[in-house]
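The values are calculated or read from the model by the stated rules, or taken from the named source; none is laboratory data. Please read these numbers as outputs of a predicted model, since none were measured by experiment. Cβ placement follows ideal geometry from the backbone for every residue including glycine, while neighbour counts extend to all protein chains displayed. Heavy atoms of the whole protein, side chains included, go into the accessibility calculation; ligands, DNA and RNA do not. Shrake-Rupley method; radii C 1.70, N 1.55, O 1.52, S 1.80 Å.
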Number of protein chains: 2
Amino acid sequence: MPATYHAPVPDTRFVLKHVVGLPSLAGLPAFREASAEMVAAILDEGAKFVEGVVAPLNQPGDLQGCTHHDDGSVATPDGYREAYQAYVEGGWGTLAQSTEQGGQGLPHVLAAVFQEYMSSACMAFAMFPGLAQGAVAAIDAFGTDEQKKTYLPHMISGQWAGTMNLTEPQCGTDLGLIQSRAEPEKDGSWKLTGNKIFISGGEHDLTENIIHLVLAKTPGAPDTARGISLFIVPKFLPKADGTPGKRNALSCGSIEHKMGIHGNPTCVMNYDGATAFLLGKEMEGLKAMFVMMNAARLGVGCQGLSQAEVAMQNAAAYARERLQGRALSGPKNPDGPADPLLVHPDVRRMLLDGRAFTEGGRALYLWVALQVDLAAAAATAAEREAADDLLSLLTPVIKAWCTEEGYRQATNAQQVFGGHGYITEWGMEQFVRDARITMIYEGANGIQALDLVGRKLARHGGRALRTFLALVGETVAAGQADERLQPLAEALAGARKELEGATMWLMENAMAAPDNGAAGSMAYLRLLAIVAVGHCWLRMAAAALADDSGDFNAEFLEAKFLTARHFFEQQGPMAAAHAARVKAGAATMMAFPDSAF
Amino acid sequence: MPATYHAPVPDTRFVLKHVVGLPSLAGLPAFREASAEMVAAILDEGAKFVEGVVAPLNQPGDLQGCTHHDDGSVATPDGYREAYQAYVEGGWGTLAQSTEQGGQGLPHVLAAVFQEYMSSACMAFAMFPGLAQGAVAAIDAFGTDEQKKTYLPHMISGQWAGTMNLTEPQCGTDLGLIQSRAEPEKDGSWKLTGNKIFISGGEHDLTENIIHLVLAKTPGAPDTARGISLFIVPKFLPKADGTPGKRNALSCGSIEHKMGIHGNPTCVMNYDGATAFLLGKEMEGLKAMFVMMNAARLGVGCQGLSQAEVAMQNAAAYARERLQGRALSGPKNPDGPADPLLVHPDVRRMLLDGRAFTEGGRALYLWVALQVDLAAAAATAAEREAADDLLSLLTPVIKAWCTEEGYRQATNAQQVFGGHGYITEWGMEQFVRDARITMIYEGANGIQALDLVGRKLARHGGRALRTFLALVGETVAAGQADERLQPLAEALAGARKELEGATMWLMENAMAAPDNGAAGSMAYLRLLAIVAVGHCWLRMAAAALADDSGDFNAEFLEAKFLTARHFFEQQGPMAAAHAARVKAGAATMMAFPDSAF
């Protein structure tokens, strides 16, 4: 009874039509390649690929894990090499890359769809190409023409892998503490020395080369985050003909034993005077790093979503099949020994909580992914600016909220299985273990909340939040005008008002005393998430009532509307609670005596 | 850097003094043995025992796990045998057992204290004696004099272990589906045949005998839960001299690979015409089972609490030592490379959320454990009745809420460690994996919520809740009269009012349509938990302000008061949210089309 996965293609189609608004974007050059036929092909072929090739790797890879050999090499689980080869040959990594660099030139939002499918099918496997994308983005943004030419085509095709090397034993969030050092060489290259930990995919057997992007300090740089620089450090130094050449002075010292994602090696990386190439300017590494990180953060939010999706699919199937107890309103399966779990309201609550998250989270995730496209390619400067604002504001929300809820809903899905959920064989506990890392890496969720409250809110005088609130206000107004939508619209209006109140409180109380902002930052992020997902839900509820195109069957549309109602019934009341927590401020927390902790 | 554990003796002392009110109980016969010196000795010696003997087993036992051999025997991890022997020799299992049966005749609430310490030190190990206690309670309540004489002394001393055998592959919650059968023999014994799964400690090498309590059906019994009977099925049939005799026809077929509690084998048990002895009356097994289960449910709630406690202790220590980033209000450790994590408000929030749960949960858990003593031994019939009512009402709350919050807070403690929290070596991820089972076994949490709303609320015309609300009302009134306590008292008054409103809603809407009760049952349980824990917190806050005995230092009392304030700031606003969820009812959930799940 191993877990299974089916890519949620109909739901993706609904979101692309009604939230992303794909048809209306056809006029934009960036969407030129995204014809209806192309989109349908990507969804269907993508589903076929992940279901047939990737999903079967998930449970065996968790049980087998990766192997670190004495020579420093790392073997991935059986089947990973073949699946990766199929991924490269299928061109799945090139969807949203520019045609000039060998990509397919499709919108980012479609790559985001495929990323969710991949990650649901096997998160540990999907991490390999996922990480390369952050490295590609950084080289694309800051590389010299020669660097781009040397690395990007190989990395985009997937022939070469990419990693991010930030963390050191003494230094996680606080990058000012980095001790890795780079010394300039006469030929313009650098010699990089240091130890990095928690490097996902730092060494493996999937690709002929691995391109490490490594943060380090240059001589005379200050001991703060502003002193760090970013370097390209290839495992094999590329030769002039583009093939991998001399082995560089770096190695994987060991891999960690950890709670989950066993199929992806978490490496200790040792750089011993490795040949390195500066990416961008000296002491501007932080800026380049954030290009990597922002892409990665949306990807991590997607991972949280992906684990809840696959876990909830299995929970729903189990609840349909497992016979246990009788409905309170009388037997629903009178000829059987018991009714299916699905008759019990509390089981339905868990499943609908799960759907309200996965479908709402998917809508928000893809809507934010769309902003990546629009920020680069919308028709007017004002639209590009608005898209960039929304992307910036909501990236920490996607990262923190989709991972926190992803873990919670994966846990709930496990709960539906009762005792079987705890047994390895059923696969449910793996989803929880794999989901758990997403709340931690690429900036722990608390850091996301600080980023939101400390940076993103204040940026451009609060312009992003104003843009967002205005959009939500329009959706609310439209909903209030429709009798069937009105209760949902009122719930969203209430949550929006709580968000305004909490924001006002922060403006009045956190400017002078930043601890007040930090203390309530996570509650504020959760409040913003409810409004942002609620905004998607209200739009989807309206679309579910209005869509008579025949694109979706009546049951699908009815289920969509009811899930929207469930979301507002269950999550709506949380808005006031989060706002109250924001307004509690820091006084109690900071008064607590240090030595009593 | 393995995790460590220190039994929270000062906090236990505070709860025993101010919540349990131990000194004032000295006049009751049941508390005769519980002198101040005896209590201090149990706390201090208990702490010493678990810290020195039990805690060192935790991480190694998780890594090694149990081993099932071809002959059906099961080996526990290295060190378990010796530690168990020390547990038996120390008489730790006999604390609250009656002196007539070889126990020490102490109040149950003291055994509950020790149970928490044991479980924090090593939950998988603590399960072995913990399970025996449920079996002891059932034999004590329903056994014949001969059965009591044969089994209880050996089981109470710990020389023999005990298990509960309920679950079968097709049958978890719904015991009407049990297929195990018992046939009567001429000598008054029975032959029992069937397969049981998920039997914790079903086979192991710690004791010379294992006494299984097994649910099965007798000939002609109906296929409902009312048809089941409970049997004593010893691994070795006791001889007349009280030593283990002939091997019974039962065996452990395999042990499960599972998410956590690796040190405790989860067994498939096969009964092949095993000699069995009816416990209590035929077809009254359910009643006997609930005696076992109710004891076990408090114990499982305690497990949830215990994992949060040990995890949060380690998180606090890490937050004090780990240097990362600077305080928003300026450096607090200017001579060091960075400030400790503890300066960051969001880290404090997580730690204080943890304390608000562990200290509040401990208070509630011990207060409910006290009701076990008072239900049996309070001075008047009215007091005994009130204690039994409170015990009955709050057992599902302890089971479900302490496990749910225990898991959540263990997860938060892991979060404080950042990436290190995900790495096996640090031990934090084990607490999460071990805590996870507590939400599932001994009745999944959803079942606890149904038990609360469907049975416990209605029992005796709602008498238990009225008793509880009256008690809370008295505490609120006392708090409102004290200026320093007033905001806390108002928060509790607000939560109490939400509970009254939600209860009224259930009375009006769930009698005729039980789905309405079931749909909101978990929200109702969480709401009741906030009021129940809040009640303990307000009493503790008042005591922290008033205690000038010198029993506790000023910093401890200040921290206690501030943690109370934190609890009401953070959890108080949740009361209205849960009440709103209760009042949302079942309409949306039940309208959702079955085939769309």
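The table for this structure:
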{"read-out": "Computed [θ] at 222 nm, helices only, for the protein assembly as shown once each DSSP H run of length n ≥ 4 contributes -39500 (n - 2.57)", "value": "-17500 deg cm²/dmol"}
{"read-out": "GluC sites (Glu not before Pro) restricted to the stretch B:199-283 and DSSP loop, no more than 15 other C-beta within 10 Å", "value": "B:GLU208"}
{"read-out": "Ranking by accessible area, most exposed first, for A:SER73, B:SER595, A:SER521 with a 1.4 Å probe", "value": "B:SER595, A:SER73, A:SER521"}
{"read-out": "Chain pair B, A: total accessible area buried, heavy atoms, 1.4 Å probe, Å²", "value": "7900 Å²"}
{"read-out": "Label geometry 7 Å along the beta-carbon vector: A:PRO334 inter-copy distances in nm", "value": "8.2"}
{"read-out": "Surface per residue (accessible, 1.4 Å probe) for the protein assembly as shown, Å²", "value": "34 Å²"}
{"read-out": "Neighbour-limited loop hits for GluC sites (Glu not before Pro), the stretch A:350-387 (at most 11 other Cβ within 10 Å; DSSP other than H, G, I, E, B)", "value": "none"}
{"read-out": "Nearest-10 value in Å² for the accessible area of A:ASP145, using the 1.4 Å probe", "value": "130 Å²"}
{"read-out": "Candidates per trypsin sites (Lys or Arg not before Pro) in the stretch A:210-277, loop by DSSP, up to 11 other Cβ within 10 Å", "value": "A:LYS239"}
{"read-out": "Projected label distance in nm at B:LYS191 and B:GLU508, using a 7 Å step from Cα toward the beta-carbon", "value": "6.1 nm"}
{"read-out": "Centroid-to-centroid separation of the stretch B:525-570 and the stretch A:337-367 [C-alpha atoms, Å]", "value": "37 Å"}
{"read-out": "Charge sum, other residues only, whose C-beta stays under 13 Å from A:LEU152's C-beta, Lys/Arg counted +1 and Asp/Glu -1", "value": "-2"}
{"read-out": "Difference of contour (0.36 nm per residue) and Cα-Cα distance, A:ALA141 to A:GLU82", "value": "18.1 nm"}
{"read-out": "Reduction of at least 30 Å² in accessible surface, 1.4 Å probe, comparing all protein chains with the chain by itself, residues of the stretch A:511-534", "value": "A:PRO514, A:ASP515, A:ALA518, A:MET522"}
{"read-out": "R0 of 30 Å, Cβ-Cβ distance A:HIS6-A:LYS332: FRET efficiency to nearest 0.05", "value": "0.75"}
{"read-out": "Per-residue mean of C-beta atoms belonging to partner chains within 10 Å, peptide B:254-262", "value": "4"}
{"read-out": "Sites A:GLN480 and B:ALA587, calculated FRET efficiency, Cβ-Cβ separation with R0 25 Å, nearest 0.05", "value": "0.70"}
{"read-out": "Fraction of accessible area attributable to carbon and sulfur, the stretch A:445-587 (%, probe 1.4 Å)", "value": "55 percent"}
{"read-out": "Residues in the stretch A:415-437 occluded by at least 10 Å² - accessible area, probe radius 1.4 Å, against chain by itself", "value": "A:GLN415, A:GLY418, A:GLY419, A:HIS420, A:TYR422, A:ILE423, A:THR424, A:GLU429, A:VAL432, A:ARG433, A:ARG436, A:ILE437"}
{"read-out": "Separation between Cα centres of the stretch A:432-460 and the stretch A:475-515, rounded to whole Å", "value": "22 Å"}
{"read-out": "Accessible surface of the stretch A:123-165 [probe 1.4 Å, protein heavy atoms]: carbon and sulfur percent", "value": "50 percent"}
{"read-out": "Förster-model FRET efficiency, 56 Å R0, B:ALA26 and A:ARG226, C-beta, rounded to 0.05", "value": "0.30"}
{"read-out": "Positive minus negative residues near B:VAL74 (Lys, Arg vs Asp, Glu; Cβ under 13 Å)", "value": "-3"}
{"read-out": "The stretch A:287-353 - percent of accessible surface contributed by carbon and sulfur, probe 1.4 Å", "value": "59 percent"}
{"read-out": "Calculated label separations, A:GLU321, copies of the chain, 7 Å along the beta-carbon direction, nm", "value": "4.7"}
{"read-out": "Set A:LYS235/A:LYS258; A:LYS148/A:LYS239; A:LYS196/A:LYS287; B:LYS48/B:LYS399; A:LYS399/A:LYS497 screened for pairs whose C-alpha atoms are more than 22 Å apart", "value": "A:LYS235/A:LYS258; B:LYS48/B:LYS399; A:LYS399/A:LYS497"}
{"read-out": "Taking chain B and dividing mean pair separation by its residue count, relative contact order in percent (alpha carbons under 8 Å, at least six apart)", "value": "13 percent"}
{"read-out": "Label spacing, shortest first and in nm, from B:ALA240 to its equivalents in the remaining copies (7 angstrom along Cα→Cβ)", "value": "10.1"}
{"read-out": "Rotation relating A and B, chain B residue nearest the axis via C-beta, angstrom", "value": "B:ALA577, 2"}
{"read-out": "Lysines with Cα under 19 Å of B:LYS17, excluding same-chain neighbours fewer than 8 positions away", "value": "B:LYS560"}
{"read-out": "Gap separating the Cα centres of the stretch B:264-313 and the stretch A:1-32, nearest whole Å", "value": "48 Å"}
